[in-house]
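**Q** Following this message is one structure expressed as structure tokens.
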Amino acid sequence: MIGYVKNITRFGIFIVLNDNENGEMTGLLRWSSIPRGEKFHKGETLDVIVIEKHTDGKIDLRLLATDFREKYDKLLFRTSETLESLRERNQEIRSL
């Protein structure tokens, strides 16, 4: 299941999931289930598995392994697009 990072806390990362049956749900991806050194940002999409749904509505999640190259290829692509748009804006400002 794919979700996006809603909030990062000392307990873990809260992920918003869109489920056709239940609509939008928020689950917790605990720090203990995340590999050391991983960095996440608000709004980033992650591939997760629902481990357990508690009776009180809480949802426990586990992170699926992602391809290192694919993840950073997307990051570099986004960064290059951002830099290109900033360069174009700077050129426009200089021409004024």
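The values are calculated or read from the model by the stated rules, or taken from the named source; none is laboratory data. Since the structure is predicted, the reported quantities are computational estimates derived from the model, not experimental observations. Neighbour counts run over all protein chains shown; Cβ positions are idealised from the backbone, glycine included. Each accessible area value is taken on the protein alone, full model and side chains, heavy atoms only, with ligands, DNA and RNA left out. Shrake-Rupley method; radii C 1.70, N 1.55, O 1.52, S 1.80 Å.
**Q** Quick one: angle between helix 68-95 and the longest Cα principal axis of the chain, in degrees between 0 and 90, rounded to 10, please.
**A** Result, in degrees: 40.
**Q** Within the chain, how many Lys pairs sit with Cα atoms under 20 Å apart, leaving out pairs fewer than 8 places apart on the same chain?
**A** 10
**Q** What's the magnitude of the charge dipole for the chain around its Cα centre, counting Lys and Arg as +1 and Asp and Glu as -1 at the beta-carbon? Answer in Debye, nearest 20. Walk me through the numbers before you get to the answer.
**A** Values: 16 positive and 16 negative charges, 102 e Å.
That gives the chain a dipole magnitude of about 480 debye.
**Q** Rolling a 1.4 angstrom probe over the protein heavy atoms, how many square angstrom per residue are accessible across the chain?
**A** Working: 7760 Å² over 96 residues.
Roughly 81 Å² per residue, with all protein chains present.
**Q** (i) 7.4; (ii) 6.4; (iii) 8.8: which one is mean projected area of the Cα convex hull in nm² as calculated from this entry?
**A** Computed from these coordinates, mean projected area of the Cα convex hull in nm² corresponds to label (iii).
**Q** Suppose each label sits 7 Å from its Cα in the direction of the beta carbon; what would the Phe40-Glu81 distance come out to in nanometres?
**A** Going by the 7 Å Cα→Cβ label model, 2.2 nm.
**Q** With the crude spin-label approximation of a point 7 Å out along Cα→Cβ, what separation in nm comes out for Lys58 versus Gln91?
**A** Modelled inter-label distance: 5.3 nm.
**Q** Something else about it: Any idea what the relative contact order of the chain is, in percent, if you count C-alpha pairs under 8 Å spaced at least 6 apart?
**A** In percent, rounded to a whole number, it is 23.
**Q** I want to verify a result. In a Gaussian network model of the chain, Cα cutoff 10 Å, which of these has the top mean-square fluctuation: Thr26, Thr45, Thr79?
**A** Maximum among the listed residues: Thr79.
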